[in-house]
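Shown next, in structure tokens, is the structure this report addresses.
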Amino acid sequence: MPQLTDQGAIDQAETDGAEAGRPATSGMEAGRPATSGTEVGPAESGPAETDRAERDDHGRAGTWMTPEEYGASRAAVWTAAVVLVTDTDGRILVQSVDYRADRLLPGGAVDAGEAPSAAAARELREELGVDGRYPRGLAVDWIPADTPGFPPEMRFPGEILHVYDGGTWTAERIDAVRLPAQEITGIHFAEPADLPALMDAGDARRALSALRARINGPGTALLEDGRPTTPTALDRLGVLRSRRTPLHGTWHPGPVPAQLPVRDHCGWLFGPDGRVLLLIARATGTARLPPPTAGPATGAVPLGYRHTAQGAHARTAARLTGLPPAADPAYARLLATPEQVRELSDWGPAGAREVEAVHAARASLSLPVPTRTPPMELPEDGVLW
């Protein structure tokens, strides 16, 4: 809603104008309440000052406006709030509604006088029957007035839409969802890469940008029509735009037994701050762990393996001492926390056990607990630690 002027400042400006022996002119200058000092009239200024003063049709100097004029000059927009919820596999909750064909994040319009976070809580209570608070904002999006899909008679003025973090819901929490008798016809959890096929294009961009903001860490992303104004490495590389490869086998610590065929061998390779090396395919935005030979390392140990029907997926942990120049331009090299690596992967319930083993290896290498910050892209010419 428009920002209103301060009534006390308006009253003071009217009083000061009357004391100066001129008609009272209250209003705003450059979007701020008028000062209480007496306005200098033509008789009190020299010819140069008079020539420089711009006057409107009513003889008022500068950019003075009445409250009515200032209010009419401000842009009006709608306000809405939605909530991004994931399940333990990293899929996003979307809902079907009875008034449009595409899917939506839960949420809706902010009522007059209502805080956006309060609207988010109210909407989830009304739409899904769950109580909660959602204080963490993931993104604030500006939606332009000329966005397609709004009928002309609606006079859509544009919208500011807040995306809040609903967290990760367990199976028990999902089972507790109770849909209303009308409006919401169903919910399901969608793979992030499937959102463009399920949602309006702008809604899908916004949801993916908000999910990347959640993975990046603390801080709210500022969006314009779903696109970050300051893209991070995850945004620039378009992570999660392609489907993740499921790897839901069971986790086993230690070396791979001799009788098991090894399907692949990857490394949890630590930088000096406790983060690990991560590869992102530039063409698809998919994330993967590097081979254990990706760089010179010390303290290598067999961390464990993931056992699937196809065989064993072996994991080695080691401390990187450097990184050579990039040998494959198809991949970007990032440093990320183990949790971020997991959130960009589809590892199923065993993923938590693997990350626990990774932190145990980090501690044994005397490396610090990494702080969650946006994954950092490393230079192509390599780095030494």
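The values are calculated or read from the model by the stated rules, or taken from the named source; none is laboratory data. This structure is a prediction, so every number in the text was calculated from the model and none was measured. So basically every Cβ, Gly included, is an ideal-geometry build from the backbone, and we count neighbours across all protein chains shown. Side chains included, ligands, DNA and RNA excluded: accessible areas come from the protein's heavy atoms. Shrake-Rupley method; radii C 1.70, N 1.55, O 1.52, S 1.80 Å.
Things worth noting here:
- Residues being closer than 25 Å to Thr229 by Cβ, touching a Leu at 6+ places or on another chain (Cβ under 6 Å) and β-branched (Val, Ile, Thr) are entirely absent from segment 112-133.
- Filtered residues of segment 337-385 (kept if over 28 Å from Ser242 (Cβ atoms) and in contact with a Phe, Trp or Tyr (Cβ under 8 Å, 6 or more places away or on another chain)): Ala361, Arg362, Leu365, Leu367
- If you go through segment 360-381 and keep only what is loosely packed, with under 14 Cβ neighbours inside 10 Å and part of a loop (DSSP other than H, G, I, E, B), you end up with Ser366, Pro368, Val369, Thr371, Pro379, Glu380, Asp381.
- Failed criterion for Ser117 (all others in (1) part of a loop (DSSP other than H, G, I, E, B); (2) open to solvent by 20 Å² or more (accessible area, probe 1.4 Å); (3) in contact with a strand residue (DSSP E or B) (Cβ under 8 Å, 6 or more places away or on another chain) hold): (1)
- Boolean, Ala210 is under 26 Å from Gly158 (Cα atoms), modelled with pLDDT of 95 or more and hydrophobic (A, V, I, L, M, F, W, C): yes
- Cβ-Cβ under 9 Å pairs, at least 6 apart or on other chains, segment 76-99 side aromatic (Phe, Trp, Tyr), far side not in a strand (DSSP E or B): Trp78/Val110; Trp78/Phe156; Trp78/Pro157; Trp78/Gly158; Tyr99/Glu183
- Selection status of Gly158, open to solvent by less than 30 Å² (accessible area, probe 1.4 Å), closer than 16 Å to Ala207 by Cα and touching a Phe, Trp or Tyr at 6+ places or on another chain (Cβ under 8 Å): no
- Among the criteria (1) in contact with a helix residue (DSSP H, G or I) (Cβ under 9 Å, 6 or more places away or on another chain); (2) closer than 22 Å to Arg333 by Cβ, the one Arg236 does not fulfil is (1).
- Residue within segment 252-265 that is among the β-branched types (Val, Ile, Thr), under 29 Å from the mean Cα position of the chain (by Cα) and surrounded by fewer than 19 Cβ atoms within 10 Å (Cβ to Cβ) present: no
- For segment 266-295, the candidate set comprises residues that are of a type in the set (Gly, Ala, Ser) and within 27 Å of the chain's Cα centre (by Cα); within that set, the residue that is farthest from Ala326 (Cα to Cα) is Gly274.
- For segment 274-317, taking the residues that are among the polar types (S, T, N, Q), open to solvent by 40 Å² or more (accessible area, probe 1.4 Å) and touching a residue at least 40 places away in the same chain (Cβ under 8 Å), the one that is nearest to Val369 (Cα to Cα) is identified as Thr286.
- Selected residue (criterion: least open to solvent (accessible area, probe 1.4 Å)) from residues of segment 185-237 that are free of Cβ contacts under 8 Å to residues at least 24 places away in the same chain and among the hydroxyl-bearing types (Ser, Thr, Tyr): Thr229
- Per-region count, segment 239-251, residues in contact with a helix residue (DSSP H, G or I) (Cβ under 6 Å, 6 or more places away or on another chain) and either among the hydrophobic types (A, V, I, L, M, F, W, C) or loosely packed, with under 13 Cβ neighbours inside 10 Å (or both): 3
- Of the set (1) assigned to a helix (DSSP H, G or I); (2) under 26 Å from the mean Cα position of the chain (by Cα); (3) in contact (Cβ under 8 Å) with a residue 12 or more places away in the chain, all apply to Glu354 but (2).
- Number of residues in segment 131-155 that are over 18 Å from the mean Cα position of the chain (by Cα) and either open to solvent by less than 10 Å² (accessible area, probe 1.4 Å) or of a type in the set (Gly, Ala, Ser) (or both) equals 3.
- Odd one out for Gly348, checked against (1) over 25 Å from Asp87 (Cα atoms); (2) in a loop (DSSP other than H, G, I, E, B): (1)
- Verdict on Glu172 being open to solvent by 80 Å² or more (accessible area, probe 1.4 Å) and at pLDDT 95 or above: yes
- Here Glu354 does not qualify as within 27 Å of Arg214 (Cα to Cα), open to solvent by 10 Å² or more (accessible area, probe 1.4 Å), out of contact with any Cys (no Cβ under 6 Å at 6 or more places or on another chain) and not basic (Lys, Arg).
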